[in-house]
Structure formats: C-alpha cells, structure tokens
Amino acid sequence: MSVSPDGSVELRRSVWDRYMSEPRKLGQLGHASAVKDRGRVEGWRLSGIKRGSLGHSLGLRTGDIVVQVNGRRAGAVPTLLAIRKELRRTDRVDVVVRRGGATVRLSVRLS
C-alpha cells in the first residue's frame with residue numbers, strides 16, 4: 001500500500017479481492033451502524049477503526065459517516081450489497097464521508 005501523487009491510496013488488487021470475496025473480512029475493517037433521518041438511511045457511522053488497520057490506512061476513522069461510494073448514496077442494505085458487487089470489478093474506489101461536520105473525499109486505486 002502506498003500514497004499516490006494525487007493523494008489517493010494505492011492498494012494491491014489481491015488484498016482488495018480477499019476483502020471483497022469474504023464478508024467476514026470486511027468486518028475486520030471496523031463496524032458500521034445506520035445513521036437515519038426520518039426513518040431513511042442517510043449513511044453509515046463507522047466504529048472500531050484501529051490505527052494501523054487496513055481501514056485506517058485507507059483513510060477511514062472511527063466516527064466517520066460514509067455517505068457515498070463511487071458516486072452512489074450509501075443507503076439501505078440492498079444498496080450497499082449492490083455497491084459491494086460493483087466494487088469487485090473496479091480499479092478505483094471513491095468514498096465520501098462526513099467527519100466532524102466536514103466532507104472528506106477518500107480515493108483508493110487498485111493495482
């Protein structure tokens with residue numbers, strides 16, 4: 001894993017594929033709980049992101065609220081499952097999180 005000149009994190013494809021193929025491995029990145037507004041899922045609050053973990057290395061932090069992945073709103077579980085399926089075939093992952101009132105954009109390039 002390395003940081004590219006454009007500020008994105010570069011990650012080996014084989015590492016990404018291991019996480020995408022095994023849902024239990026995704027749980028090792030941390031935990032997510034739905035953030036709702038008027039009963040509608042608006043994003044997913046992350047917890048348990050440990051310093052030095054893959055999630056932390058990718059730029060995620062405990063307390064972040066993931067609101068978008070590759071241009072798609074991170075809504076209810078069926079949407080997340082569809083996004084996960086799409087992420088198996090991509091070379092870049094762009095994530096938008098709300099962090100302490102600010103919008104933060106994270107990018108991961110797969111090589």
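Here, each number is a calculation from the coordinates, and none is a lab measurement. Every value quoted in this text rests on a predicted model; they were computed, and no experiment measured them. In this analysis, Cβ positions are derived from the backbone assuming ideal geometry, glycine residues included, and neighbour counts consider all displayed protein chains.
Observations on the structure shown:
- Candidates SER33, THR62, TRP16 compared by Cα position along the dipole of the chain: farthest toward the positive end lies SER33, with charges placed on Cβ.
- D (Stokes-Einstein, µm²/s), Kirkwood Cα radius, the range 1-107, 0.890 mPa s at 25 °C: 172
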